[in-house]
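Everything on this sheet refers to the single structure shown next.
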Amino acid sequence: MSVSTTLPAWPPALSPEQHQQLILLSSTYALSHGFTLLPPQSDNPPKSAISAPLTLLPTPFPRKLYELAISLQPLYNALYARITLDWEFLDRVMGGSVSKVDSFQGELWRGWKSIRNDLIQQLQLGLFRSDYLLHESAKEEELSIKQVEFNTIAASFGALSQRSTEMHKYLQKATDGFYSISPHLANSANFPQNEPLKNLAAGLAQGWKAYDEKDAIIMFVVQEGERNVFDQRWLEYELLESHGIQVIRHTFSELSSLATIEPTTKKLLLPSPLLPSSASKEVAVIYYRAAYTPTDYPTSSEWSTRILLEKSKAIKCPSMALQLSGAKKIQQVLSEPGVLEDFLLGKDRPDVGFGIGAGKLTQIDVDNLRSSWIGLYPMDDSKFGKEAYELAIKHSERFVLKPQREGGGNNIYRENVPIILKGLEAETEEEGEPSKKEGYILMELIEPPKGLRNHLVKGGDNHSRNSDIVSELGVYGVSLFGGDISQNITSTAGTLLRTKGRESDEGGVAIGISSIDSPLLI
Ligand code: ADP
Ligand code: MG
Ligand code: MG
């Protein structure tokens, strides 16, 4: 679907006094409400926090396209559940060249393969985020949404996004009308309801409930030196306060000496830090906010820990298979002819519940989902791959090249694409080995509409820049699947809008570029 909405001139003019007042109100709101990050250098325990990068105003977003993105999420939840349950497909796509040329994906796939027949926990939990950019087609001057990627591990900023929505609503109410200089801002119905913190925590709680052990806890696996801790802490507080569930956080390196598995029941046990040493806690759900990047596994001991956790009875969010499903290579293969039809319409696909059982979806659903995609190409030796390679060399200005990585900062853009592709070709070692470039996918660049600006405020900074911006919309989804069908759960869990200066190709908030925004529906 595309719409011919004209986006309003943005932002509406603010006087210097209004601008200063908004900076003061937003920064103090952020600090008061835990809309915060740790500063770059921080003690343990920390002594201070800074407000997360934010926007003074919400950014206009076409209502129809926002609603479309939300309406696609149940389909995506079901699609990724089915991919994860299709071992043959995962083996074909991730066990082939990718696992040979990308040692991280190779380790993940081989590790999963070595234990997958012995797993005793069938249920798997996904807290997903499907990311989109607005795309303006050059010819038609129409806007559509195009998917950037689908995240199946450590999809972050749910809590801070809820805070950002709340902050913009607060500013509208607190500024005595001057925030309402634009008619779009004056109408509170244009600020969507958005509660990803509540919904993601509810998803974790549903996993816990399915595990069915009232004294069990949820374990967060976190990175050393994580600055985005408040986003995670809010989930802990919500689990405790709304669901009565305790959380223990550990890094991989701590877990290598702490985690044990009870040999017969495969219960995952952790010592409780504040109880006598004999006391231990049973883990119902493992929630990874780490484990998605090679630096999370500096030695083989982290991989051993990952495998140990995977073999336990705890429900993994995500399992290794679900993490593999989120690879960019999977996204590319899904876009090949017939693959999506097979997953959504195939008669022998498992019923993952949700009313999306075999035979319940139609070609219209397939077409809707596919309309959110832009060109994706393999970098392999197939005819299609070879043609794409030529295209990438000739028209590099149209493409981004992506390795199988998460967390931002890994992609190669435009004129750098041919340089890197040729370098990867040259690196390929032996006859018969796949080319290193097969560990990458090529993607057409999405072209966000020009002309929108907003005030981006970086944490702790007393001034804001009014910049040309690009906003990325993320839609959260929850899916519990893989076990008895009556236990399956799916939900759409809210949204995230991250806004960056147009000059920056990458979008991570944590790597210091994007601001957490909220959509103003127009
Ligand atoms: P990661 O898993 O590291 O977040 P992404 O695929 O999301 O990887 O890419 C990181 C960023 O690069 C995105 O947030 C977006 O800003 C930019 N980007 C990625 N793909 C495209 C694309 N096809 N067109 C334009 N920008 C893109
Ligand atoms: Mg990602
Ligand atoms: Mg991303």
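Bear in mind that the values in this text are calculations on the coordinates, not laboratory data. Model, not experiment: these values are computed from the prediction. Glycine also receives a Cβ, built like all others from the backbone with ideal geometry; neighbour counts cover every protein chain displayed.
So for the range 363-522, Kirkwood radius off the Cα pairs, Stokes-Einstein at 25 °C and 0.890 mPa s: how many µm² s⁻¹? Don't jump to the answer; show the numbers that get you there.
On the way: Rh = 18.8 Å.
Reported coefficient: 130 µm²/s.
What GluC sites (Glu not before Pro) does the range 337-418 have in DSSP loop regions with at most 11 other beta carbons within 10 Å?
Those that pass, being in a loop and sparsely packed, are 415.
Given Cβ point charges of +1 (Lys, Arg) and -1 (Asp, Glu) and nothing else, what value in debye, to the nearest 20, does the dipole of the range 376-443 about its Cα centre take?
For this selection, approximately 440 debye.
Based on Cβ point charges of +1 for Lys and Arg and -1 for Asp and Glu, what charge dipole magnitude is obtained for the chain about its Cα centre, in debye rounded to the nearest 20?
820 debye
Hey, with R₀ at 60 Å, roughly what FRET efficiency would residue 339 and residue 13 work out to, going by the Cβ-Cβ distance, to 0.05?
Working: r = 49 Å, r/R0 = 0.82.
The value I calculate is 0.75.
Quick check: convex hull over the Cα atoms of the range 139-295, volume per residue in Å³, rounded to an integer?
200 Å³
Taking the Cα-to-Cβ direction at residue 502 and at residue 32 and moving 7 Å from each Cα, how far apart do the two end points lie in nm?
3.6 nm
With helices defined as uninterrupted DSSP H runs, which ones in the chain have an alpha carbon span along their own long axis of at least 15 Å and mean Kyte-Doolittle hydropathy of at least 0.0?
63-85, 416-427
For the chain, what does the relative contact order come out to in percent, with C-alpha contacts under 8 Å and a separation of six or more?
Values: 1022 pairs, mean separation 134.7, N = 522.
Relative contact order of the chain: 26 percent.
Just need the Rg to Rh number for the range 269-377, please, alpha carbons only, Kirkwood Rh.
Here the Rg-to-Rh quotient is 1.12.
In terms of the Cα gyration tensor, with a ≥ b ≥ c the square roots of its eigenvalues, is the range 376-443 rounded because a/c is under 1.5, prolate because a/b exceeds b/c, or oblate?
oblate
Take the alpha carbon gyration tensor of the range 1-63, find the square roots of its eigenvalues, order them as a ≥ b ≥ c, and report rounded if a/c is under 1.5; if not, report prolate when a/b exceeds b/c, else oblate. Let's see the in-between values first.
Details: a/c = 3.91, a/b = 1.80, b/c = 2.17.
Oblate.
Work out from phi, with θ = phi - 60° and the Karplus expression 6.51 cos²θ - 1.76 cosθ + 1.60, the ³J(HN,Hα) of each residue of the range 431-446, listed in order in whole Hz, and give x for Gly and Pro.
Each residue of the range 431-446 in turn: 3, x, 7, x, 5, 4, 5, 5, x, 10, 10, 9, 9, 5, 6, 7 Hz.
How would you rank 107, 262, going from fewest to most other Cβ atoms within 10 Å of each one's own Cβ?
Fewest-to-most Cβ neighbours within 10 Å comes out as 262, 107.
Checking the cross-link filter: which lysines have an alpha carbon closer than 27 Å to that of residue 316, excluding same-chain neighbours under 8 positions apart?
Answer for residue 316, where 27 Å is the Cα cut-off: 100, 113, 198, 209, 214, 266, 267, 281, 328, 329, 402, listed by chain and number.
Taking only DSSP H segments of four or more residues, each worth -39500 (n - 2.57), what value at 222 nm results for the chain once the sum is divided by all its residues, to the nearest 500 deg cm²/dmol?
For the chain, the value works out to -11000 deg cm²/dmol.
Sorted by mean Cβ packing within 10 Å, highest first, what order do the peptides 44-57, 199-212, 373-386 take?
Packing proxy ranking, top to bottom: 199-212, 44-57, 373-386.
Highest first, please rank the peptides 11-23, 224-236, 246-258 by the mean number of other Cβ atoms sitting within 10 Å of their residues. Numbers along the way, then the final one.
Values: 11-23: 15.0, 224-236: 19.8, 246-258: 17.1.
Listed from highest to lowest mean packing, they are 224-236, 246-258, 11-23.
What translational diffusion coefficient, to the nearest whole µm²/s, does the chain have by Stokes-Einstein, given a Kirkwood radius computed over alpha-carbon pairs, a temperature of 37 °C and 0.692 mPa s viscosity?
Working: Rh = 23.9 Å.
Approximately 137 µm²/s, per Stokes-Einstein.
Which of the listed residues, 492, 234, 65, is farthest toward the dipole's positive end in the chain, when Lys, Arg count +1 and Asp, Glu count -1 at the beta-carbon?
Farthest towards the positive pole: 234.
What shape does the range 36-142 have by the C-alpha gyration tensor, where a ≥ b ≥ c are the square roots of the eigenvalues, rounded means a/c under 1.5, and otherwise prolate means a/b greater than b/c and oblate the rest? Working shown, then result.
Details: a/c = 2.11, a/b = 1.25, b/c = 1.68.
Note, shape of the range 36-142 comes out oblate.
Nothing charged except the Cβ atoms of Lys and Arg (+1) and of Asp and Glu (-1): what's the magnitude of the dipole of the range 19-135 about its Cα centre? Round to the nearest 20 debye.
Dipole magnitude for the range 19-135 comes out near 140 debye.
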